[in-house]
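Asks: Take a look at this one; I'll ask things after.
Every read-out reported here was derived from the displayed coordinates using simple, explicitly stated rules and does not represent laboratory data. Note that the structure is predicted; figures quoted are calculated from it, not measured. Positions of Cβ are backbone-derived with ideal geometry, glycine not excepted, and every protein chain shown enters the neighbour counts.
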Amino acid sequence: MLNLDTHVLLHAVGGKLTAREGRLLRADRWSISAIVLWEIAKLAQLKRIEIDLDDAEVSRVLMSVHVWPITADIARTSTRLDIRVDPADELIAATSLVHNVPLLTRDRKLLSSRLVPLA
């Protein structure tokens, strides 16, 4: 299983993956932190992305993704990372760490972590 950050999930839905990302995503199940769903809705509300969360294809993709809840353990772990990024990304990274699920991201700060398991 892979844990996708918000932008990788959006690139997957939009068909804009790198070759490496495409290979990884075809070979494994997808998961996301619950905060990713909020982040997508918020980005759409702010018109920073164009996505229709009611679109049948978008709904189909989101329904097939495992969603990790934000637990007390994840919240606590997010404060103990070796990197500082925005709070949503810290929760996404902590989800990978707590569940030992590789994170698929393009974010350079997240990629610089020595703690977070990366895909």
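Asks: Do we find that ALA94 is surrounded by fewer than 19 Cβ atoms within 10 Å (Cβ to Cβ) and of a type in the set (Gly, Ala, Ser) in this structure?
Replies: Answer is no for this residue.
Asks: Answer yes or no as to whether LEU37 is crowded, with 18+ Cβ neighbours inside 10 Å, within 17 Å of HIS7 (Cα to Cα) and touching a strand residue (DSSP E or B) at 6+ places or on another chain (Cβ under 9 Å).
Replies: Working: crowded, with 18+ Cβ neighbours inside 10 Å: no; within 17 Å of HIS7 (Cα to Cα): yes; touching a strand residue (DSSP E or B) at 6+ places or on another chain (Cβ under 9 Å): yes.
No; evaluated as a whole, the condition is false for this residue.
Asks: For segment 85-118, what are the residues that are assigned to a helix (DSSP H, G or I), without any contact (Cβ under 8 Å) to a residue 12 or more places away in the chain and charged (D, E, K, R)?
Replies: Listed by number, the list holds a single entry, ARG108.
Asks: Please work out if ARG48 is under 15 Å from LEU104 (Cα atoms) and either of a type in the set (Lys, Arg) or surrounded by fewer than 16 Cβ atoms within 10 Å (Cβ to Cβ) (or both).
Replies: Numbers: under 15 Å from LEU104 (Cα atoms): no; either of a type in the set (Lys, Arg) or surrounded by fewer than 16 Cβ atoms within 10 Å (Cβ to Cβ) (or both): yes.
When the stated conditions are applied, ARG48 does not pass them.
Asks: I'm trying to understand the selection: among the residues of segment 6-32, which are hydrophobic (A, V, I, L, M, F, W, C) and either under 23 Å from HIS99 (Cα atoms) or part of a loop (DSSP other than H, G, I, E, B) (or both)?
Replies: Residues satisfying the conditions are VAL8, LEU9, LEU10, ALA12, LEU17, LEU24, LEU25, ALA27, TRP30, ILE32.
Asks: Further question: I'd like the full set of residues that are exposed (fewer than 11 other Cβ atoms within 10 Å of the Cβ) and either closer than 20 Å to MET63 by Cβ or of a type in the set (A, V, I, L, M) (or both), limited to segment 14-30.
Replies: GLY15, ALA19, ARG26, ALA27 - these are the residues of segment 14-30 that are exposed (fewer than 11 other Cβ atoms within 10 Å of the Cβ) and either closer than 20 Å to MET63 by Cβ or of a type in the set (A, V, I, L, M) (or both).
Asks: Counting only residues that are β-branched (Val, Ile, Thr), part of a helix (DSSP H, G or I) and touching a residue at least 24 places away in the same chain (Cβ under 8 Å), which one in segment 47-84 is nearest to MET1 (Cα to Cα)?
Replies: VAL61
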